[in-house]
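Below is one structure, written out as structure tokens; the observations come after it.
The values are calculated or read from the model by the stated rules, or taken from the named source; none is laboratory data. Remember, predicted model here, so these are calculated numbers, not experimental data. With ideal geometry, Cβ positions are generated from the backbone for all residues, glycine too; neighbour counts draw on all protein chains shown.
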Amino acid sequence: MRRLLLPLLFASLLAPAQALDQPEAATTRTAKQASLTTPAKRFAVTAANPLAAEAGARILKAGGSAMDAAIAVQAVLGLVEPQSSGIAGGAFLLHWDGRQVQALDGRETAPAAATPEMFLRPDGRPLPMREAILSGLATGTPGVLAMLAEGHRLHGRLPWAQLFEPAIALAEQGFAISPRLFELASAEPALRSDAQAATYFFDAAGTPKPVGTVLKNPAYAAVLRGIARQGPKGFYEGAVAKDIVRRVKAHARPGLLEVADLAGYKPVLRPPLCNDWRGYRVCGFGPPTSGHLTLMQILGLLDTQPAARSARGITADWMHAYAESAKLAFADRAQYIGDPAFVAAPGGDWLSLLDGDYLRRRGELIGPHAMGIATAGQPARIKQALAPQAEQLEAGTSHVSIVDAEGHAVAMTTSVESAFGNRVMSDGGTGLPGGFMLNNQLTDFSLNPVGADGRPVANRVEAGKRPRSSMAPTLVFGPDGRLLMVAGSPGGPVIIHYVAKVLTGALAWGLPVQQAVDLPNFGHFNGGSLIVERGALTAAQLADLRGRGHNVVETDLTSGLQVLMRVDGPEGGWAGGADPRREGVVKGE
């Protein structure tokens, strides 16, 4: 097993010489055989862990809806993949019911006591990112369970309690520790500092429990039983809520979360953002996530470059155009995007960022050589008095794609933010071993509330606000109007590039969906470097790009794309793509 636990260079996020750890380190790559030897005719589900995908398939086979399956998958993911998502985290979910797309926002919120200065030190400088993450201050009000309960009210078929049965059984009977969970737990020393997490992930000598160890989680089972019986009140009120708040406030750097914050949490049903691209209708989530807007800006800007539009694979010319497009898109992201309850869209419409004339004007800035740091454009006449946010580490997550027997679909990206959240585990007040990880989503806010010029940053912390995200759950409809693709990925800000890659590979270049997922990863964040996955480019291509002025950094890029795509013809149905960089699989029949 090759060693893949070294910190990964995210040098482009801030400056060429500065490195940041990737939110979830790479682990052993898993070669993917086709999970479905032929496309699924009735239903399909792909998730980041085989046990979670199996739980979703079980619910679908029992006649459950895509939404029902998503609830079962999330409950299992919180058990078997606690580093990525869980019931104390948040999510963005797109749902297709055969007639309309709905966008359910279960993003965490800042506590009522939060202030823009909460992550500043006494000298006025922001806390170092890791100090902020490993604190009680980082934990926001969880949203995923409230969002899923609302989704079930709208689109559920099976009883709520039934959807938690697979996760409860696994928690009580135990599951085998996977290589990815073992490697990530082994590499995270802060887990040993939390008594609840330390006894769960490590033995009495402090040694990580090895791969294959049957890990039982009685506290999680008890909490899920309460949620199954009481609905979301079993989490947002009573013993579970009190234990979450107790642990946040008992931290060496206490947080601001109160029981009233949990009791008052409300998910939001938002209008989806849909736009046309190359004959397809692409629907995604609007702010507070930047995912759809930024990835579609990149693809729209690429189409202003004739050589890139005509490309059918990764070439140096295409990669140059992609990097320059990403710089321009990320400049707009840093300037404009935040929680829409607090930040106005340019000109009153977020789709102004995708206006064809605006993208053509921005595309004229792309030349034969690499530009420097791009500045935000002017997509509408109203000029905002905001400062761009400096890039900082943003993490996450897990993604689930589901199509049920009725052809209804869910694309859900779900997260506790950094690997294992803020590294604090709650037992939900049960007094039993195990439990669930608390999120650190508030570090997705700008730790510094103002820019270098003293103007406020759109994504600054404010009470009740939802932090900006890069999550990009995506539904694509074909020229005939039928659902064609359900897609998304984890990966912090690189989510945007991962989803852009798979849309390009499958839809623009015509690759089978698994081949599109397998394509090399790459990205640019309008910082110092173009990052590319190791081995993605030839020596000649690297030399070409460096000759154009790009600082190219080769690294590991741990995507977790989970994609379903409709295949027409006699053998048609739903084909799946599960990312070999993680442990996901596709299940269906």
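General observations
- Lone unmet requirement of (1) of a type in the set (A, V, I, L, M); (2) more than 16 Å from Ala487 (Cα to Cα); (3) touching a Gly at 6+ places or on another chain (Cβ under 9 Å) for Ala62: (3)
- Breaking point among (1) in a helix (DSSP H, G or I); (2) touching a residue at least 60 places away in the same chain (Cβ under 8 Å); (3) out of contact with any Lys or Arg (no Cβ under 9 Å at 6 or more places or on another chain); (4) closer than 23 Å to Ala409 by Cα, for Leu293: (3)
- So Ala344, is it surrounded by fewer than 24 Cβ atoms within 10 Å (Cβ to Cβ) and touching an Asp or Glu at 6+ places or on another chain (Cβ under 7 Å): no
- Matching strands (runs of 3 or more DSSP E) fully within the stretch 30-106 where at least 2 residues are surrounded by fewer than 22 Cβ atoms within 10 Å (Cβ to Cβ): 101-106
- Arg333 being charged (D, E, K, R) and assigned to a helix (DSSP H, G or I): yes
- Of everything listed in (1) part of a strand (DSSP E or B); (2) of a type outside the set (Gly, Ala, Ser); (3) farther than 30 Å from Asp404 by Cβ, the single unmet condition for Arg566 is (3).
- Unique match (being in a helix (DSSP H, G or I), modelled with pLDDT under 95 and surrounded by fewer than 20 Cβ atoms within 10 Å (Cβ to Cβ)) among Arg130, Arg153: Arg130
- Residues that are buried (at least 22 other Cβ atoms within 10 Å of the Cβ), touching an Asp or Glu at 6+ places or on another chain (Cβ under 6 Å) and part of a loop (DSSP other than H, G, I, E, B) occur in the stretch 450-466; there is at least one.
- Residue that is out of contact with any Asp or Glu (no Cβ under 7 Å at 6 or more places or on another chain), touching a residue at least 40 places away in the same chain (Cβ under 8 Å), on the phi < 0 side of the Ramachandran plot and part of a loop (DSSP other than H, G, I, E, B), where the choices are Thr430, Thr504: Thr430
- Given (1) more than 30 Å from Arg192 (Cα to Cα); (2) in a loop (DSSP other than H, G, I, E, B); (3) of a type outside the set (A, V, I, L, M, F, W, C), number of the condition His497 does not satisfy: (2)
- Checklist (1) farther than 30 Å from Leu328 by Cβ; (2) at pLDDT 95 or above; (3) not basic (Lys, Arg) applied to Ala419, failing item: (2)
- Residues satisfying the stated conditions in the stretch 530-563, i.e. in contact (Cβ under 8 Å) with a residue 40 or more places away in the chain, among the polar types (S, T, N, Q) and not in a helix (DSSP H, G or I): Asn551, Thr555, Thr558, Ser559, Gln562
- Considering residues of the stretch 133-150 that are of a type in the set (Ser, Thr, Tyr) and in a loop (DSSP other than H, G, I, E, B) only, the residue nearest to Ala88 (Cα to Cα): Thr139
- Candidates are the residues of the stretch 190-206 that are in contact with a Gly (Cβ under 8 Å, 6 or more places away or on another chain) and surrounded by fewer than 22 Cβ atoms within 10 Å (Cβ to Cβ); the one that is farthest from Thr430 (Cα to Cα) is Arg192.
- Residue match in the stretch 311-329 (condition: assigned to a loop (DSSP other than H, G, I, E, B), small (Gly, Ala, Ser) and within 26 Å of Gln441 (Cα to Cα)): no
- Residue check: Asp427 meets all listed conditions (1) surrounded by fewer than 24 Cβ atoms within 10 Å (Cβ to Cβ); (2) more than 30 Å from Glu54 (Cα to Cα); (3) modelled with pLDDT of 95 or more; (4) not small (Gly, Ala, Ser) but one, namely (2).
- Any chance Glu54 is within 21 Å of Arg130 (Cα to Cα), modelled with pLDDT of 95 or more and of a type in the set (Asp, Glu): no
- Filter result for Arg225 (closer than 25 Å to Gln441 by Cβ and modelled with pLDDT of 95 or more): no
- Qualifying residue in the stretch 512-525 (condition: in contact (Cβ under 8 Å) with a residue 60 or more places away in the chain, out of contact with any helix residue (DSSP H, G or I) (no Cβ under 9 Å at 6 or more places or on another chain) and among the aliphatic types (A, V, I, L, M)): no
- Restricting Ile244, Ile227 to residues that are buried (at least 20 other Cβ atoms within 10 Å of the Cβ), under 24 Å from the mean Cα position of the chain (by Cα) and within 15 Å of Leu145 (Cβ to Cβ) narrows the list to Ile244.
- Residue-level check: of (1) more than 19 Å from Met471 (Cα to Cα); (2) touching a residue at least 60 places away in the same chain (Cβ under 8 Å); (3) outside any helix (DSSP H, G or I), Ala344 misses just (2).
- Test: residue in the stretch 368-378 that is surrounded by 24 or more Cβ atoms within 10 Å (Cβ to Cβ) and not polar (S, T, N, Q): no
- Candidate set: the stretch 247-266, residues that are small (Gly, Ala, Ser) and either more than 26 Å from Ala167 (Cα to Cα) or touching a Lys or Arg at 6+ places or on another chain (Cβ under 7 Å) (or both); chosen: the one surrounded by the most Cβ atoms within 10 Å (Cβ to Cβ): Gly255
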